Amino acid sequence: MRIIRKTAAVVTALLLVVGCQGLPSDSERLTERTEPVEYNSVVFTDYNLQRSWSDGLLGEGGRYRLSVERHGQRRTETGTTEVFAVIRNHTDADYTLEARTHFVDRDGVPTDADAVWKRFTASANSLTAYREYSTSDQPLQYRVEVRELR
Amino acid sequence: MTRFTLPAGAARALVPVAAAALLAGCAGNQVENVAGTPTVYEDPETTGRVGGVGIESQDVVAMTDEMMRDMLRNRMLAGRDVPPRVIIDNAYLDNESSSVINTNQLTDRLRIELNRAANGRMVFVSRESADMVQQERDAKRDGVVDSGTIRETAAQAGADYRLRGRITSLDAVDRDSQTQSRYTQVTFEMVDLELGTIVWSGLYEMRKAAQDNVLYR
């Protein structure tokens, strides 16, 4: 009986440790993989940087190294759209990142020049700003994608 | 002198292994029926399999895209009622860096992408086609060919602005690890061709480090 109790305790402890580590970035059960695409948003396409799940061992959970403090858009003096995103690095290491912005019109149709990855560095425990400008002078929506440079 | 002797059992076990190795390795001329490494297309926006410290495709794409978007938010270039006439070619783009690059790649991509995106907000003058255009104009005026279908003008288009720029670099090598580092700075300026003032400026900079630098051609 004692042996069974001990074994159960060890298994429980192991399960807790495994559960606390959460789902890895290549898990198929991450929320981000299947959530619907929303415009006027900033997303991390590199799940090492941020990920969440709803059906982990201990229910909902998430891990993040970076987060988006705020983002938005405004018109420039020639009528093009300026998009900005303020990224917060929560780690003690510098991260070299790439970001690109997809511009679409009100109907969700891609109308601007092709999105190109732009490189920038998020210093350790700091804020950094990413900016992108559209080429079209029509009112647009945006979707910013962020990943780590590899 | 120390002599090593194998136990009898081990020596016996080694005999078939050695024979098999000989058979496999010295089997003579044979067709090696395997596929070679196929050519792969790579995304020009990424570093790809070969990457060094010089200016590469992803830098050309990112640099020209950034400059294009920046120009289109400049009121003097893209916000005028009468679209300005602009020359973008590499006649005044100097490569003073240690990177090997055909500067036409920068100016051609910039001009083409800008022309497509500007959609009439800027007019592009092809000064490198001036001889070709003059030849046709002369032929029309000499009666060798007819006058075409569009219009006749007194002269070719004069430009309001012209792009100029410079590529510079700063190299460093770690003697112990042979790691090479290069800081590259690319400047672009749009110059008013009457006043000589600069109406727009753009800067692209990067620093790359690599242990085995690749050969650029």
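The values are calculated or read from the model by the stated rules, or taken from the named source; none is laboratory data. Since the model is a prediction, treat every value here as computed from it, not as a measurement. Positions of Cβ are backbone-derived with ideal geometry, glycine not excepted, and every protein chain shown enters the neighbour counts.
When restricted to residues that are within 14 Å of chain B (Cβ to nearest Cβ) and among the hydroxyl-bearing types (Ser, Thr, Tyr), the range A:85-116 contains 3. Filtered by the rule that a residue be under 18 Å from the mean Cα position of the chain (by Cα), over 14 Å from B:Arg69 (Cβ atoms) and among the small types (Gly, Ala, Ser), the range A:91-113 gives a lone residue, A:Ala93.
Results for (1) in a helix (DSSP H, G or I); (2) modelled with pLDDT of 95 or more, shown as yes or no for each residue.
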{"position": "B:Glu66", "(1), (2)": "yes, yes"}
{"position": "B:Arg73", "(1), (2)": "no, yes"}
{"position": "B:Leu110", "(1), (2)": "yes, yes"}
{"position": "B:Arg164", "(1), (2)": "no, yes"}
{"position": "B:Asp176", "(1), (2)": "no, no"}
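Please go through the range B:56-74 and give me each residue that is under 30 Å from B:Asp160 (Cα atoms) and either more than 13 Å from every other protein chain (Cβ to nearest Cβ) or of a type in the set (Asp, Glu) (or both), ordered by number. Residues satisfying the conditions are B:Asp59, B:Asp65, B:Glu66, B:Asp70.
Each residue in the range A:44-79 was checked for being part of a loop (DSSP other than H, G, I, E, B) and among the charged types (D, E, K, R), and 3 pass. Evaluating B:Ser147 against the criteria (1) away from chain A (no Cβ under 14 Å); (2) of a type outside the set (Lys, Arg); (3) touching a Lys or Arg at 6+ places or on another chain (Cβ under 6 Å); (4) not in a loop (DSSP other than H, G, I, E, B) leaves one unmet condition, (4). The set of residues from the range A:105-138 being touching an Asp or Glu at 6+ places or on another chain (Cβ under 9 Å) and among the aromatic types (Phe, Trp, Tyr) comprises A:Trp117, A:Phe120, A:Tyr133. Would you mind stating whether A:Glu82 is in a loop (DSSP other than H, G, I, E, B), within 14 Å of chain B (Cβ to nearest Cβ) and closer than 23 Å to B:Arg73 by Cβ? No; evaluated as a whole, the condition is false for this residue.
Tell me whether the range B:36-54 contains one or more residues that are modelled with pLDDT of 90 or more and in contact with a Phe, Trp or Tyr (Cβ under 7 Å, 6 or more places away or on another chain). Scanning the range B:36-54 turns up at least one residue that is modelled with pLDDT of 90 or more and in contact with a Phe, Trp or Tyr (Cβ under 7 Å, 6 or more places away or on another chain). Counting just the residues of the range B:75-96 that are at the interface with chain A (Cβ under 7 Å from one of its Cβ atoms) and surrounded by fewer than 20 Cβ atoms within 10 Å (Cβ to Cβ), which one comes out nearest to B:Asn115 (Cα to Cα)? Looking at the filtered set, the residue picked out is B:Gly79.
Listed here are the residues, each with its yes/no results for (1) surrounded by fewer than 17 Cβ atoms within 10 Å (Cβ to Cβ); (2) touching a Lys or Arg at 6+ places or on another chain (Cβ under 6 Å); (3) of a type outside the set (Ser, Thr, Tyr).
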| residue | (1), (2), (3) |
| --- | --- |
| A:Thr34 | yes, no, no |
| A:Thr45 | yes, yes, no |
| A:Thr91 | yes, yes, no |
| A:Asp105 | yes, no, yes |
| A:Pro110 | yes, no, yes |
| A:Phe120 | yes, no, yes |
